[in-house]
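Input: a single structure, listed below in structure tokens.
The values are calculated or read from the model by the stated rules, or taken from the named source; none is laboratory data. Keep in mind that this is a model prediction, so the values were computed, not measured. Please note: Cβ atoms are built from the backbone with ideal geometry, for glycine as well, and neighbour counts cover all protein chains shown.
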Amino acid sequence: MEKEYKIGIIGLGRVANEFDNDPKRKVIWSHTGAYSNNQKCKLTAICDLDQEKLNNCAEKYNVPKTYTDYNEMLQKEDLDILSICTWNSTHYPILKAAVENGVKAIYCEKPIANNLKEADEMIKLCKENNVKLMINHWRRFDGLHPKVKKYIDSGNLGNVQQVNFYYTAGIANSGSHMFDLLRYLFGDVSWIEAHYKTQDEDPNIDGLIKFKNNLLCTIQSLDVDSYTRFNLIIFGTKGKIEITRNGFDLDMYEAKQSDKFSEYKELYKIPSTINFKEESHMEHGIAHLIDCLENNKTPISSGKDGRESLSLICAFHESAKEDGKRIQIPLKESNIEIKSK
């Protein structure tokens with residue numbers, strides 16, 4: 001008989017429980033929905049300050065125990081896996097309590113923490129106690145981006161020459177996903193330069209990234225009140241890929257002999273050769289975390305990956321505060337405290 005993992009969730013907001021209430025979402029987006037669909041998982045306990053949310057979630061998924069105090073939940077319930085779906089300012093104390101109470105795997109929302117010091121301590125705690133830590137940078141698990149990575153790595157796009165990224169909704173909120181996706185596709189970063197676009201609590205910051213493979217990437221932000229964007233353009237020597245509609249669609253271009261200039265090639269739109277469909281990144285992510293737990297693997301969206309994404313957010317702030325000063329990566333320490341939605 002397969003082991004049934006006892007699951008706990010702290011925080012019952014959108015990503016934890018409410019995304020699936022949107023009729024426009026065609027696959028499972030929430031932690032609660034994904035755990036309930038996994039035969040190896042049993043939703044054992046949930047925690048939130050809002051009693052109405054607790055009651056509704058417990059009734060929908062037949063969860064036996066509800067709590068308004070996460071410490072009480074962690075002390076009373078012998079949990080195997082915990083999802084931390086609260087504000088990033090609370091991630092560190094919750095993770096610390098979870099590790100101290102014997103939780104074996106933690107699925108933490110992004111950004112990993114409020115600052116690099118807390119992120120480093122979270123990684124250290126999990127390593128010392130043999131706890132699997134995975135950050136929900138979900139584009140590593142969806143139906144499109146892993147196939148784009150495979151396409152690039154196989155050489156079908158030729159040598160990648162230039163990358164442009166467009167985002168909205170703040171450098172911490174969107175940047176966490178953006179920087180993780182860029183590292184996932186193109187590797188580690190060498191340095192960055194950045195300038196403030198807005199002065200909000202979580203500001204938009206534009207910048208330039210130089211990867212260790214010498215690839216350059218421009219980062220440009222737009223006003224989310226006008227429309228939302230999370231779009232990536234990748235120029236290769238053989239063509240171009242545009243990941244559009246906030247990462248849910250793709251346009252492909254091939255370099256062909258120009259019909260206007262005899263001595264040049266131009267980019268022509270072609271039918272995509274990357275076949276993909278929308279899949280539940282949340283279900284894939286949870287299945288991956290369980291596999292890591294059962295087979296002692298490191299998650300592909302690890303605590304270290306979360307820390308690297310956070311360090312780039314901090315570096316963009318550090319550079320923008322000094323009018324575009326070049327910041328070398330990795331960033332070992334920073335006094336920046338991020339604000340994420």
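For every residue, the table says whether it meets (1) at pLDDT below 95; (2) acidic (D, E); (3) over 21 Å from H137 (Cα atoms); (4) outside any strand (DSSP E or B).
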site	(1), (2), (3), (4)
M178	no, no, no, yes
W191	no, no, yes, no
D202	no, yes, no, yes
I219	no, no, no, no
Y227	no, no, yes, yes
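Which residues, counting only those in region 305-324, are among the basic types (K, R) and either crowded, with 19+ Cβ neighbours inside 10 Å or not assigned by TED's automatic domain parsing to the domain that holds T218 (or both)? Outline the logic, then answer.
Restricting attention to region 305-324, the residues satisfying the condition of being among the basic types (K, R) are 307, 321.
Result: R307, single match.
Of everything in region 232-262 that's aromatic (F, W, Y) and in contact with a strand residue (DSSP E or B) (Cβ under 7 Å, 6 or more places away or on another chain), which residue is nearest to Q162 (Cα to Cα)? Full working, then the answer.
The initial filter retains those residues of region 232-262 that are aromatic (F, W, Y), namely 235, 248, 253, 261.
Adding the requirement that they be in contact with a strand residue (DSSP E or B) (Cβ under 7 Å, 6 or more places away or on another chain) leaves 235, 253.
On the way: F235: 5, Y253: 15 Å.
Selected residue: F235.
Please specify each residue of region 217-256 satisfying the condition of being farther than 20 Å from K149 by Cα, of a type outside the set (G, A, S) and in contact with an Asp or Glu (Cβ under 8 Å, 6 or more places away or on another chain). Please lay out each step first, then the result.
From region 217-256, those farther than 20 Å from K149 by Cα are 220-229, 256; that's our starting set.
Among the residues that remain, those that are also of a type outside the set (G, A, S) are: 220, 222-225, 227-229, 256.
Across region 217-256, the qualifying residues are Q220, K256.
Of everything in region 295-310, what is closer than 16 Å to V131 by Cα and in contact with a His (Cβ under 8 Å, 6 or more places away or on another chain)? Give them in sequence order.
Answer for region 295-310, where residues must be closer than 16 Å to V131 by Cα and in contact with a His (Cβ under 8 Å, 6 or more places away or on another chain): P299, I300, S301, D305, G306.
Just one of I106, I46, I81 is outside the structural domain of N246 (by TED's automatic domain parsing) and in contact (Cβ under 8 Å) with a residue 40 or more places away in the chain; which is it? Working first, answer last.
Values: I106 fails: in contact (Cβ under 8 Å) with a residue 40 or more places away in the chain; I46 fails: in contact (Cβ under 8 Å) with a residue 40 or more places away in the chain.
On inspection, the qualifying residue turns out to be I81.
Looking only at region 254-284, which residues are among the hydrophobic types (A, V, I, L, M, F, W, C) and within 12 Å of K240 (Cα to Cα)? Give the steps one after another, and end with the answer.
Narrowing region 254-284 to residues among the hydrophobic types (A, V, I, L, M, F, W, C): 255, 261, 267, 270, 274, 276, 282.
Hits for region 254-284 are A255, L267, I270.
Restricting attention to region 257-283, report how many residues are of a type in the set (D, E) and more than 20 Å from K147 (Cβ to Cβ). Working first, answer last.
Of all residues in region 257-283, those of a type in the set (D, E) come to 259, 263, 266, 278-279, 283.
From what's left, more than 20 Å from K147 (Cβ to Cβ): 259, 263, 266.
So the count comes out to 3.
Determine whether region 301-312 contains at least one residue that is modelled with pLDDT of 95 or more and on the phi > 0 side of the Ramachandran plot. Walk me through it before giving the result.
Step one: of region 301-312, the residues modelled with pLDDT of 95 or more are 301-312.
Within this subset, residues satisfying the condition of being on the phi > 0 side of the Ramachandran plot are none.
Checking region 301-312: not a single residue is modelled with pLDDT of 95 or more and on the phi > 0 side of the Ramachandran plot.
Is region 18-36 home to any residue that is in contact with a strand residue (DSSP E or B) (Cβ under 9 Å, 6 or more places away or on another chain) and either modelled with pLDDT under 95 or of a type in the set (D, E, K, R) (or both)? Full working, then the answer.
Within region 18-36, the subset in contact with a strand residue (DSSP E or B) (Cβ under 9 Å, 6 or more places away or on another chain) is 31-32, 34-36.
Keeping just the survivors that are either modelled with pLDDT under 95 or of a type in the set (D, E, K, R) (or both) gives none.
The answer is no, given that none of the residues of region 18-36 is in contact with a strand residue (DSSP E or B) (Cβ under 9 Å, 6 or more places away or on another chain) and either modelled with pLDDT under 95 or of a type in the set (D, E, K, R) (or both).
Only residues that are assigned to a helix (DSSP H, G or I) and in contact with a strand residue (DSSP E or B) (Cβ under 6 Å, 6 or more places away or on another chain): list them for region 290-317, please. Step through it out loud before you land on a result.
Kept after step one, since they are assigned to a helix (DSSP H, G or I), are these residues of region 290-317: 290-295, 303-317.
Matches in region 290-317: C292, L293, G303, G306, A315, F316.
Does I205 meet the test of being under 15 Å from E318 (Cα atoms) and either in contact with a Phe, Trp or Tyr (Cβ under 8 Å, 6 or more places away or on another chain) or of a type in the set (D, E) (or both)? Before you say what the answer is, go through the steps one by one.
Working: under 15 Å from E318 (Cα atoms): yes; either in contact with a Phe, Trp or Tyr (Cβ under 8 Å, 6 or more places away or on another chain) or of a type in the set (D, E) (or both): yes.
It is true that I205 is under 15 Å from E318 (Cα atoms) and either in contact with a Phe, Trp or Tyr (Cβ under 8 Å, 6 or more places away or on another chain) or of a type in the set (D, E) (or both).
If you go through region 22-43, how many residues are in a loop (DSSP other than H, G, I, E, B) and closer than 22 Å to A105 by Cβ?
Looking only at region 22-43, we keep the residues that are in a loop (DSSP other than H, G, I, E, B), and these are 22-30, 38-40.
Add one more test, that the residue is closer than 22 Å to A105 by Cβ, and what stays is 28-30, 38-40.
Final tally of qualifying residues: 6.
If I135 meets every condition in (1) assigned by TED's automatic domain parsing to the domain that holds G324; (2) among the hydrophobic types (A, V, I, L, M, F, W, C); (3) in contact (Cβ under 8 Å) with a residue 60 or more places away in the chain apart from one, which number is that one?
Result: I135 passes all but (1).
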